[in-house]
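K.L.:
This structure is in structure tokens; I'll ask about it shortly.
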Amino acid sequence: MTTRKNSAGTATPAKRQRATSSGAASERRDHLVKLAAELFARKGFQATTVREIAEEAGILSGSLYHHFDSKETIVDEVLATFLDDLIARYRAALETGGDPRTVLSEMVRIGFGTLEPHRAAITVMQNDWNYLQQFERFNYLVKAEEEVEQMWVAQIKAGQGVGLFRPDVDAKLTYRMIRDTIWVAVRWFRPGGRLNTTGLAEHYITVLFDGLATGERTSQRA
């Protein structure tokens, strides 16, 4: 399958077909993608059939193929749209030229800020990552993850280099702990609760940089 490069340089195949659509057809296509994304998030990508997507949309299975050639094409669009948005926002944060703590804080806000608009895509990434990455057409998922990791790790190391962050922590491990905290939140975060995604991000930033314990630090290596 032919892929294209997004603004961040990551190969994402989903938008090529969408770019040819316009007007009512484009709106119908976007509606079908949203319906399918919700089914993928609720049932899992593997367990969801084309017939179920069509039934959810109130159309025949054959009609779905007027818009998409396969179930995989639909999930491509769901995931690539999420990754395009996420990486573009991360790059914009890096391009501000702020100090590492300021940039990392903004990246945390960006991550938590995706929980609502991209809830279904994040859920699919959480539940179906191992299955999807078996297939060549989804190689861009791994490439996107590698690029995002490099962004975070570079900022953590930069902060260590100028004395903003303690030097005795592993940058890659720290990133992965931050990553998992943000994405796993999609399992329990509910819009309309005590905290919105902005409040959730600010709370996490406080814990990340200021810690939980008070008094003298006991975890510093000798």
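K.L.:
Looking at Ile182 and the list (1) in a helix (DSSP H, G or I); (2) over 17 Å from Gly111 (Cα atoms); (3) open to solvent by less than 40 Å² (accessible area, probe 1.4 Å), which single condition is not satisfied?
P.N.:
Going through (1) in a helix (DSSP H, G or I); (2) over 17 Å from Gly111 (Cα atoms); (3) open to solvent by less than 40 Å² (accessible area, probe 1.4 Å) one by one, Ile182 breaks only (2).
K.L.:
For region 48-67: of the residues being in a loop (DSSP other than H, G, I, E, B) and open to solvent by 70 Å² or more (accessible area, probe 1.4 Å), which is nearest to Asn127 (Cα to Cα)?
P.N.:
Applying the first criterion (in a loop (DSSP other than H, G, I, E, B)) to region 48-67 yields 48-49, 58-60, 65-67.
Applying the additional criterion that residues be open to solvent by 70 Å² or more (accessible area, probe 1.4 Å) yields 60, 65-66.
On the way: Leu60: 28, Tyr65: 25, His66: 28 Å.
The residue in question is Tyr65.
K.L.:
Take the residues in region 30-47 that are loosely packed, with under 15 Cβ neighbours inside 10 Å and small (Gly, Ala, Ser), then tell me which one is farthest from Trp129 (Cα to Cα).
P.N.:
It comes out as Ala47.
K.L.:
Shifting gears a bit: Out of Phe189, Phe138, Phe112, report the one residue that is in a helix (DSSP H, G or I), in contact with a helix residue (DSSP H, G or I) (Cβ under 8 Å, 6 or more places away or on another chain) and within 19 Å of Ala37 (Cβ to Cβ).
P.N.:
Phe138
K.L.:
What pairs come out if I take residues in region 108-136 that are within 17 Å of Ala47 (Cα to Cα) and pair them with residues that are open to solvent by 80 Å² or more (accessible area, probe 1.4 Å) and of a type outside the set (Gly, Ala, Ser) whose C-beta lies under 9 Å away, six or more apart or interchain?
P.N.:
Close Cβ pairs (under 9 Å, with a partner that is open to solvent by 80 Å² or more (accessible area, probe 1.4 Å) and of a type outside the set (Gly, Ala, Ser)) amount to Ala120/Lys34; Ala120/Arg42; Thr123/Arg42; Thr123/Arg187; Gln126/Arg187; Asp128/Gln46; Tyr131/Gln46.
K.L.:
Can I ask one more? For region 88-109: of the residues being open to solvent by less than 40 Å² (accessible area, probe 1.4 Å) and either over 17 Å from the mean Cα position of the chain (by Cα) or not hydrophobic (A, V, I, L, M, F, W, C) (or both), which is nearest to Leu208 (Cα to Cα)?
P.N.:
Per the criteria, the residue is Ser105.
K.L.:
Among the residues of region 14-25, is there at least one that is of a type in the set (A, V, I, L, M), surrounded by 17 or more Cβ atoms within 10 Å (Cβ to Cβ), modelled with pLDDT under 90 and within 16 Å of the chain's Cα centre (by Cα)?
P.N.:
Yes, that holds for at least one residue.
K.L.:
For region 156-175, which residues satisfy the criterion of being in contact (Cβ under 8 Å) with a residue 12 or more places away in the chain, in a helix (DSSP H, G or I), over 14 Å from Phe209 (Cα atoms) and not small (Gly, Ala, Ser)?
P.N.:
Lys157, Lys172
K.L.:
Next question, about the same structure. Exactly one of (1) within 13 Å of the chain's Cα centre (by Cα); (2) surrounded by fewer than 18 Cβ atoms within 10 Å (Cβ to Cβ) is unmet by Ala121. Its number?
P.N.:
Condition (2) is where Ala121 drops out.
K.L.:
Are there any pairs, at least 6 apart or on different chains, whose C-beta atoms fall under 6 Å, with the first in region 138-155 and open to solvent by less than 10 Å² (accessible area, probe 1.4 Å) and the second in a helix (DSSP H, G or I), and if so, which?
P.N.:
As it stands, the answer is Phe138/Leu132; Ala144/Leu83; Trp152/Tyr175, since those pairs meet every condition given.
The values are calculated or read from the model by the stated rules, or taken from the named source; none is laboratory data. Here the structure is a predicted model, which is why all the values come from computation and not from measurement. Virtual Cβ from ideal backbone geometry, glycine too; neighbours counted across all protein chains shown. Note: accessible area is taken over every heavy atom of the protein model, side chains too, but ligands, DNA and RNA are not part of it. Shrake-Rupley method; radii C 1.70, N 1.55, O 1.52, S 1.80 Å.
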